[in-house]
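The values are calculated or read from the model by the stated rules, or taken from the named source; none is laboratory data. These numbers were taken from a predicted model, which means no experiment stands behind them. Positions of Cβ are backbone-derived with ideal geometry, glycine not excepted, and every protein chain shown enters the neighbour counts. SASA here: full protein model, heavy atoms, side chains in, ligands and nucleic acids out. Shrake-Rupley method; radii C 1.70, N 1.55, O 1.52, S 1.80 Å.
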Amino acid sequence: MDTGNNRSENRPSTNSEDYLWDRSGEPDPETHRLEVLLGKFRHDSPTPVFPEVVRERRWTFFPWRIRLFPALATAAVAVAAIVAVTFLVYRTKPTPITVAGWDVSSVEGTPRIGKKTISTKQGTSRLGIGQMLETDRQSRASLQADDTGRIEVDPSTRLRLLSMGSGLKRIALDRGTIHTYIWAPPGQFVVDTPSAVTVDLGCAYTLQVDDSGAGMVRTALGWVGFKQNGHESFIPAGAACATRPKVGPGTPYFEDASGEFRSALARFDFADSTPQQRALDVAIVLGEARNRDALTLWHLLARVDEGKRVLVYDRLSQLVPPPATVTKEGILRLDQPMLDLWWNELGFDDISVWRHWERSWAGTATPVREK
């Protein structure tokens, strides 16, 4: 194929264009002028041969970050190992169990829980179920349970924790004196003594037990229930009640009553008296009774002989008239609903609180300790 012929067929034939194409023909004056001006920059040497360049591969981000990768990877592995070991240790470690009981601290001297002594510098210890707390003549202690209350323990006292359930907190006071400040719901805190069961009804009280097992409760706030051997005594604030082994709780009274009133009542409750002496003591109590001593007379209704019950009824009616629905006949036969209605007229508290919790106290009475 003739390339020259092809060129000639594909373009116009002019001298100036032939010159630009293959330097044949006559050059254009302007073209010639440019050749002359640019000729001095002409390079006639052969094209140089360059050695092959091996390009080094580089990252597009900062080299110092690249150098950190190994260190970061090592740290990540170490952290993962620590987390794994910690998880395994704590997963297999048993969950601490809080022992039910009372926190005990020494107020003075060195009380003991079992054989362990507690000092004032030691902080608190724990009185668990079945353990015994004892103070000597020079020591005092304080017990506290957040959901129950606080107990101050005097010298020469021994008590035991019997139960610490959600519905019943129970201790036994063998001897000595305790001062209780209870904020648990009524009926949940119970103290066993050798001669009676003390039931808190939302109150503060002092309970004493001597070496013979005889006891005394004095209520400072609210009221307390005393129960044993079929005897029930309700002790409101300001009142007291004694208890004796084999007898149970006596008749509650206000301590500002006359000396004759209190002496006659003590004989009636605990002395081995003749029927004549008992009749005389009842007469003294009725004659010395004030309006607030209706507390004592209400309890006497169920404790005197049937022949004397009408005398107690008549005197109590003078001090606090019975409600309209309460009849003399009903009281003389000791109708419990009528007795409860009359109690509520005395102004101390609603006895239905006691009756409600009494149903859940079946079996709370402690066997009387034989001497």
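Can you compute 3J(HN,Hα) from phi for each residue in the stretch 240-250, using the Karplus curve 6.51 cos²θ - 1.76 cosθ + 1.60 with θ = phi - 60°, rounded to whole Hz and x for Gly and Pro?
Along the stretch 240-250, the couplings run 9, 7, 9, 9, 9, x, 6, 10, x, x, x Hz.
Under 1.5 on a/c is rounded, so check that first for the stretch 177-320, then, if it is not, pick prolate when a/b is larger than b/c and oblate when it is not; a ≥ b ≥ c are the square roots of the alpha carbon gyration tensor eigenvalues.
Prolate, since a/c reaches 1.5 and a/b exceeds b/c.
If the only charges are +1 at each Lys and Arg Cβ and -1 at each Asp and Glu Cβ, what is the size of the charge dipole of the stretch 207-268 around the Cα centre, to the nearest 20 debye?
180
Given 0.36 nm per residue, what is the gain on full extension from Thr31 to Met216 after removing their alpha carbon distance, in nm?
Difference between extended and current length: 52.7 nm.
Using a 1.4 angstrom probe on the protein heavy atoms only, line up Asp28, Asp340 by accessible area, largest first.
So the residues, ranked largest to smallest area, are Asp28, Asp340.
P(r) for the stretch 207-287: what percent of alpha-carbon pairs falls in each 5 Å bin, starting at zero?
3, 16, 23, 24, 21, 10, 2, 0
Quick check: from the Cα gyration tensor, does the stretch 203-246 come out rounded (a/c under 1.5), prolate or oblate?
Numbers: a/c = 2.89, a/b = 1.40, b/c = 2.06.
Oblate is the answer for the stretch 203-246, as a/c is 1.5 or above yet b/c matches or exceeds a/b.
How many percent of the accessible area of the stretch 105-231 is carbon or sulfur, using a 1.4 Å probe?
48
Could you pull the accessible area for Val107 with a 1.4 Å probe, rounded to 10 Å²?
Using a 1.4 Å probe on the heavy atoms, I get roughly 60 Å².
Counting only heavy atoms of the protein chains, get the accessible area per residue of the stretch 225-340 (1.4 Å probe) and round it to a whole Å² value.
On a per-residue basis, 44 Å².
Using the heavy atoms of the protein chains and a 1.4 angstrom probe, tell me the accessible area per residue for the stretch 108-148 in square angstrom.
I get 61 Å² per residue for the stretch 108-148.
Filter the cross-link list Lys246/Lys308; Lys116/Lys246; Lys116/Lys227; Lys169/Lys246; Lys115/Lys169; Lys169/Lys328 down to pairs whose alpha-carbon distance in this structure exceeds 32 Å.
In this structure, Lys116/Lys246; Lys116/Lys227; Lys169/Lys328 exceed 32 Å between Cα atoms.
Sorted by accessible area with a 1.4 angstrom probe, largest first, how do Leu286, Leu133, Leu168 fall?
Largest accessible area first, the list is Leu168, Leu286, Leu133.
Mind giving me the nanometre distance, one decimal, between the label points for Ala271 and Leu162, set 7 Å out from Cα along Cα→Cβ?
Taking the simple label geometry, Ala271 and Leu162 are separated by 3.2 nm.
To the nearest 10 square angstrom, how much accessible area does Phe270 have with a 1.4 angstrom probe?
60
Using a Förster radius of 30 Å, what is the FRET efficiency between Asn291 and Leu311 based on their Cβ-Cβ separation? Nearest 0.05, please.
Once the sixth-power term is evaluated, E becomes 0.95.
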